[in-house]
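The values are calculated or read from the model by the stated rules, or taken from the named source; none is laboratory data. Source: prediction; values computed, not measured. All Cβ positions, glycine included, derive from the backbone under ideal geometry; neighbour counts span all protein chains shown. These accessible areas exclude ligands, DNA and RNA; they are computed on the full protein's heavy atoms, side chains included. Shrake-Rupley method; radii C 1.70, N 1.55, O 1.52, S 1.80 Å.
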Amino acid sequence: MKETDRQLETIKRNTVEIIEEKELKAKIDKSLSSGIPLRVKYGIDPTAPDIHLGHTVPIKKLKDFQDLGHRVLFLIGDFTARIGDPTGRNETRPILSDQDIKRNLSRYREQAGKILDLEKTEFVYNSSWLAPLSLSDLIRITSIFTIAQVLERDDFSKRYREGKPIFMQEFLYPLLQGYDSCALQADVEIGATEQKFNLLAGRTMQEAMGQEKQAVITMPILVGTDGRMKMSKTYNNHVPLQSQPEEMFGRLMSITDTAMEEYYRLLTREREAVFLEDISSDPRKAKSKLARQIVGEYFGLEAGEKAETEFDRVFREKQAPSDIPGFKVEPGLEDVQGMVLVIDLISAAGLAPSRSEARRLVIQKAVKLDDEIVADPSARLKIRDGQVLKVGKRKFARLEKS
RNA sequence: GGGUAGGUUGCGGAGUGGCCAAUCGCACCAGACUGUAAAUCUGGCGGCUUACGCCUUCGGAGGUUCGAAUCCUCCCCUGCCCA
């Protein structure tokens, strides 16, 4: 009994809702007495190959379960990805091709492994049970729900009200996700709050199929670096796991001050009293401590510290980074007198997407050669080996001449 | 099947014959400032062998016109109403 409460305590940290807590408790009890671990399901769409910090919130919860001795079923929705989960979207998702999906799969494992113990994680693909379903199977599944029930879902009703298209296949999505729970005989399913409808569909479906209903745990949705919208790659306010430590550090430094508290709470183990004090006494320091901790978690403490030093160097002291990518100045760029047009140099070095953009940057005084502003777009420069070209705050190239 | 409203530059959304590369908001970029790639302010934000010049763009294809995102024809896509 005592152990059950202890487990429940750990599980409850940072959750938004547990449906139903009583059921979960009973499941834990049963698991403890029988020695059979709970089957904890978490599903992800292999639509975008990158996990970002927002995804780590529920994944960290999986880790909690893992540490408590339970079994994590990491579901890759390779089949449902073809449908596209409409959750949280006002529009239809593009359908991915088989190749796209396949290409994305392997990277998940690697990234999830930064949080989860892969030895104890079972990766499952829902195509293995969804693909063989027959039409009559599908009809049986669809007969469990009514149109009105599915339409009740927030994003569907919103789209319906706004006169935006909803395709039949999207309607199927929650049902198939629910069916996944049946196929896996899940005891618990974890998801972000926006997944609630889909998670509950699992309960309905399991009950209809004569299984014990899964407990549903919803986790908060991490706000993006803008501090307003949820973290999502499409809003470009995300912090991907797969990146350079320096890049991750920088992205974390760009979160709005108001988001710091949430990031500390959901992404670190820092004690509440400590980070609240840090934030109120010195916000800048608190933010870099946060960034250092998170970078440290994924790349190691040393990398976290190095990223911080580098950040200070480049953005606070406005010096060149210690490691600047080199760019070989080909003789073809130079004119007869050995001079190079700035705009040619910038675009050849890949520091601007187009020559027009390069021109604008020059005019805006964003371009420096060895700390000297080059403001004339028609300027011709004499390049010496080892000079540093800086474009904007973040783009550098060390010029090499052979 | 009938009727009707729409499809505009990353997103949202103006524009309904020349003043439109196309208002504005968001996102993004740059500069200033600062406590940071926060906040705030200012500017930029299709492309071009170097730019009061040229080229491409407003669902697609044709057409009218000196001139079209704006008018016409056909086609494709979406919403709503009726059946």
Which residues, taken from region A:65-78, are open to solvent by 20 Å² or more (accessible area, probe 1.4 Å) and assigned to a helix (DSSP H, G or I)? A:D67
Out of (1) more than 13 Å from RNA strand B (Cβ to nearest atom); (2) open to solvent by less than 30 Å² (accessible area, probe 1.4 Å); (3) part of a helix (DSSP H, G or I), the odd one out for A:Q293 is which? (2)
Which members of region A:147-186 meet the condition of being open to solvent by 70 Å² or more (accessible area, probe 1.4 Å) and hydroxyl-bearing (S, T, Y)? A:Y160
Within region A:158-187, the residues that are modelled with pLDDT under 85 and among the small types (G, A, S) are A:G163
So, of the residues in region A:329-351 that are of a type in the set (A, V, I, L, M, F, W, C) and near RNA strand B (Cβ under 8 Å from one of its atoms), which turns out to be most open to solvent (accessible area, probe 1.4 Å)? A:L341
Can you tell me which residues in region A:368-402 are among the β-branched types (V, I, T), over 16 Å from A:I324 (Cα atoms) and either modelled with pLDDT under 90 or in a strand (DSSP E or B) (or both)? A:I373
Qualifying residues in region A:39-57 (those that are closer than 20 Å to A:G178 by Cα and open to solvent by less than 10 Å² (accessible area, probe 1.4 Å)) - the one farthest from the chain's Cα centre (by Cα): A:V40
Across region A:359-373, which residue is farthest from RNA strand B (Cβ to nearest atom) among those that are among the hydrophobic types (A, V, I, L, M, F, W, C) and either in contact with a strand residue (DSSP E or B) (Cβ under 8 Å, 6 or more places away or on another chain) or open to solvent by 50 Å² or more (accessible area, probe 1.4 Å) (or both)? A:L369
Residues A:R265, A:R313: which one is away from RNA strand B (no atom under 14 Å from the Cβ) and either on the phi > 0 side of the Ramachandran plot or charged (D, E, K, R) (or both)? A:R265
